[in-house]
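Worksheet: one structure, shown below.
We did not get these values from a lab; they are worked out from the coordinates using the rules stated. Predicted, not measured: the structure shown is a model, and the values here were computed from it. Note that we place each Cβ from the backbone using ideal geometry, even for glycine, and neighbour counts take in every protein chain shown.
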Amino acid sequence: MTSSSTSTPGAARDHARAMAGTRVEAMPTIPATSATDLPDGVEAKAVIWDETLAAGGYGSRRLNRGARLRLTDLYGDACVSMLAFNAEQTVERLNVADTLKVQWNAYLGAGRLLLSDMGRVMFSVVEDAAGGHDALCGASNTVGYGDGQDFASRPTARERFLLALARYGLGRRDVHPCINWFKAVAIADDGATELQVGPFAPGRFVTLRAEMDVIIVLANCPHVLDPRDYTVTPVRATAWRGLPTPEDDPIRNATPEGLRAFQNVEDYLAR
Amino acid sequence: MSEDHTLSGLPGRVIYDEIVLARAPWSHVVRQGETLRIVDLEGNQAVDFLVYSLADDAERYSFQDTITAQKNIYLRTGSILRSTEGRPMMTIAATSVAYHDTIGGACSCESNTLRYGHHTRAQHACVDNFLLANAAYGRSKRDMTPNINFFMNVPVEADGTLGIVDGISAPGLYVDLRAEMDVTVVVSNCPQINNPCNGFNPTPVRMIVVA
């Protein structure tokens, strides 16, 4: 019998433990408070999540009201598809149609709100250095990439969503229409969708503020209209603690429709 | 027997023909190959429309898959209504209206409070109709998704500004939907009175199925 470095439980334990401290690009920072290269003005002790998602990777997190979430397109070709749920009752979720209709606009950017299907604001977009996103085209799926399953080399956003949601006991009925950060889609006069493919300058970011306790799911996969062979680059997600939005917040008061979405959250939280 | 002009051009024998009252929900199973005609009897009546696979209702209409596959936000003759799995559910075989909406979603009691004020909270809304119609199949709010609005006009301007504006439909105009799989169609005959989607006057529509 030949012996190897994993031929006995003790040897296998030593082999496994020798991996400790390995660094790869796509991994979480543990503890999150040890994260470096933070946004201006953010103290390390306030950081609650810091993780780099691989090309084709996914992640999920619960964020409490007031938390900020920054997504950074590290190399200029990220495409982050996002779902959002009320953390208390996941049957309430992001409603893309209401988000656009209530704000009288098809495009997302700084100052815009993400609205739930219960007439409440889930997120405010507090900073946007990306220059365009997409709320119309949805998640990539295996229709576009034949080997797009999670176990294959080119996973798609819908498959990633299903895998992430399974951990909350959620499934296909819960994969609602998503938002795609970092890939702008313009609408032509005749209704045609026009994707700005990229790549773009590295380091673009968008910062969101949670306006209620939420669960988010992120999938970093090629945009469903991207004509290139499977192309996407890693994205960093960093979240930190923050105060709930005060009554005099300019985004809260920017429009009468948006103000009522904040008031509906405040009413929901009155207990 | 006098000819009913409303049936002209339909490919087959009528197997269903009913009026949906103003403000009411409606649902019906449409088998693969059958065609559903929705007639806007009095003009500019928004028909909020969802479709679920009969075999597996976790597969349902996806406005994003539909837009992406045709690379256009408007639904016209030839548009294919796609599922969450990217598969064809129904095809718009014909329509006498230039285009239909699928980005505006349904009105709800909750979104009405945002768009018009909290005084509209108690008004009947499309999401209520969808919930009522879906309950018969054991479906709930979890099964809601942004829908199609037949006969509703939502233009998008160059800076992204959009809105529900005066309609482009008229009395007797129609849309024909050919089922590409066995489906359950769920409709809210929109009760909205705070915007022009129903000309501020909800009216009945007619549903005809041919096989």
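Filtered by the rule that a residue be out of contact with any Gly (no Cβ under 8 Å at 6 or more places or on another chain) and not β-branched (Val, Ile, Thr), the range B:47-58 gives B:48, B:49, B:50, B:52, B:53, B:54, B:55, B:56, B:57. Looking at the range B:144-173, which of the residues that are part of a strand (DSSP E or B) and not hydrophobic (A, V, I, L, M, F, W, C) is farthest from residue B:44 (Cα to Cα)? Step by step, filter the range B:144-173, then rank; the result is B:161. Here residue A:187 meets the list (1) within 14 Å of chain B (Cβ to nearest Cβ); (2) within 17 Å of residue A:84 (Cβ to Cβ); (3) not small (Gly, Ala, Ser) almost entirely, failing just condition (2). If you filter the range A:116-168 down to residues that are farther than 22 Å from residue A:97 by Cα and among the basic types (Lys, Arg), you find that the one that is surrounded by the most Cβ atoms within 10 Å (Cβ to Cβ) is A:160. Applying the set (1) acidic (Asp, Glu); (2) touching a residue at least 24 places away in the same chain (Cβ under 8 Å); (3) at positive phi to residue A:51 leaves exactly one unmet item: (3). Looking at the range A:132-200, the strands (runs of 3 or more DSSP E) lying wholly inside it that each contain 2 or more residues that are among the hydrophobic types (A, V, I, L, M, F, W, C) and out of contact with any helix residue (DSSP H, G or I) (no Cβ under 6 Å at 6 or more places or on another chain) sit at A:179-181, A:185-187.
Any idea which of (1) among the polar types (S, T, N, Q); (2) part of a strand (DSSP E or B); (3) within 14 Å of another protein chain (Cβ to nearest Cβ) is the one residue B:184 doesn't satisfy? The number of the failed condition is (3). In the range B:84-113, the residue that is nearest to the chain's Cα centre (by Cα) out of those that are of a type in the set (Val, Ile, Thr) and within 21 Å of residue B:180 (Cα to Cα) is B:102. Number of residues in the range A:201-255 that are aliphatic (A, V, I, L, M), over 17 Å from residue A:129 (Cβ atoms) and part of a loop (DSSP other than H, G, I, E, B): the value is 6. Within the range A:81-92, being touching a residue at least 12 places away in the same chain (Cβ under 8 Å) and within 9 Å of chain B (Cβ to nearest Cβ) holds for A:90, A:92. The listed residues are A:254, A:201, and the only one of them that is within 22 Å of the chain's Cα centre (by Cα) and surrounded by fewer than 21 Cβ atoms within 10 Å (Cβ to Cβ) turns out to be A:201. The set of residues from the range A:172-184 being out of contact with any Gly (no Cβ under 9 Å at 6 or more places or on another chain) and at the interface with chain B (Cβ under 7 Å from one of its Cβ atoms) comprises A:172, A:173, A:174, A:175, A:176.
Where strands (runs of 3 or more DSSP E) sit wholly within the range A:1-108, those with at least 2 residues that are in contact with a helix residue (DSSP H, G or I) (Cβ under 9 Å, 6 or more places away or on another chain) and surrounded by 16 or more Cβ atoms within 10 Å (Cβ to Cβ) occupy A:47-53, A:58-63, A:80-86.
When residue B:131 is tested against (1) more than 11 Å from every other protein chain (Cβ to nearest Cβ); (2) in contact (Cβ under 8 Å) with a residue 60 or more places away in the chain, only condition (2) is not met. Taking strands (runs of 3 or more DSSP E) as the structural unit, those lying wholly within the range B:9-126 and holding at least 3 residues that are within 30 Å of residue A:256 (Cβ to Cβ), of a type outside the set (Lys, Arg) and within 14 Å of chain A (Cβ to nearest Cβ) correspond to B:47-53.
From the set of residues in the range B:81-104 that are among the aliphatic types (A, V, I, L, M) and under 17 Å from residue B:145 (Cα atoms), which is surrounded by the fewest Cβ atoms within 10 Å (Cβ to Cβ)? Checking each candidate, the answer is B:103.
Residues being within 12 Å of chain A (Cβ to nearest Cβ) and either surrounded by fewer than 23 Cβ atoms within 10 Å (Cβ to Cβ) or not hydroxyl-bearing (Ser, Thr, Tyr) (or both) are represented in the range B:164-181 by at least one member.
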